[in-house]
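Worksheet for the structure shown next.
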Amino acid sequence: AQSVAQPEDQVNVAEGNPLTVKCTYSVSGNPYLFWYVQYPNRGLQFLLKYITGDNLVKGSYGFEAEFNKSQTSFHLKKPSALVSDSALYFCAVRDLNFGNEKLTFGTGTRLTIIP
Amino acid sequence: EAQVTQNPRYLITVTGKKLTVTCSQNMNHEYMSWYRQDPGLGLRQIYYSMNVEVTDKGDVPEGYKVSRKEKRNFPLILESPSPNQTSLYFCASRRTTQGGEKLFFGSGTQLSVL
């Protein structure tokens, strides 16, 4: 079975400071990992993905994420937070084992950037 | 404009009254799926479809039906809604290229079952 955990319901960061939103995962095969963002009253939007290659992946709006296989983590990061980054962030995983097509999302982390 | 369109945006109904939430995409994507979003539980997959006439259960399929008669449409059917199906529902379609895959989401349907 595949699963993903976002240990923090809420993260507050001052504008201009670096931010990190944490995600850990569990799969039996190789993971396909994603970050999506949800702005108020909107559907989710894709930020970035990791399947293979460089452990540091870059995505939309200046976000990046670091894949760490030994720690089974895929934390989302940004060097300098903007107020407009305030939103709900979801990590998601798909286990690439046995042709699995299900996608499992975490419970979400609400990021608030304080001016 | 490439998009996933869900209707209605808001729906209030009563227990047991059949309803359908429509979903349509104009990107010719083969894969489509339905999710429900509940506070503290995140998004949970209800059903997905790999292509026309091919559907499969997600993690929370009980009480829901889907059909995929055309590539662009993937309606979600609640034959006998119950209050525990009150939720925010999202439809999504998936683009798959050599560079990877990404989901495109609709704007959501807020369903209240009284």
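Observations on the structure shown:
- Matching residues, segment A:27-50, being outside any strand (DSSP E or B), within 22 Å of B:TYR89 (Cβ to Cβ) and modelled with pLDDT of 90 or more: A:TYR39
- Looking only at residues in segment B:94-108 that are within 7 Å of chain A (Cβ to nearest Cβ) and free of Cβ contacts under 8 Å to residues at least 40 places away in the same chain, the one that is farthest from the chain's Cα centre (by Cα) is B:GLY100.
- When the residues of segment B:5-43 are filtered to those that are in a strand (DSSP E or B) and touching a Pro at 6+ places or on another chain (Cβ under 7 Å), the one that is surrounded by the most Cβ atoms within 10 Å (Cβ to Cβ) is B:CYS23.
- Any hit, segment B:44-52, residues being in a strand (DSSP E or B), closer than 30 Å to A:ALA5 by Cα, more than 14 Å from chain A (Cβ to nearest Cβ) and not acidic (Asp, Glu): no
- Inspection of segment A:74-97 finds a residue satisfying the criterion of being assigned to a helix (DSSP H, G or I) and in contact with a Gly (Cβ under 7 Å, 6 or more places away or on another chain).
- All of (1) within 14 Å of chain A (Cβ to nearest Cβ); (2) part of a loop (DSSP other than H, G, I, E, B); (3) more than 26 Å from A:PRO40 (Cα to Cα); (4) not basic (Lys, Arg) hold for B:ALA2 with one exception: (3).
The values are calculated or read from the model by the stated rules, or taken from the named source; none is laboratory data. In this text the structure is predicted, and so the values were computed from the model without any measurement. Note: ideal-geometry Cβ built from the backbone for every residue, glycine included; neighbour counts use all protein chains shown.
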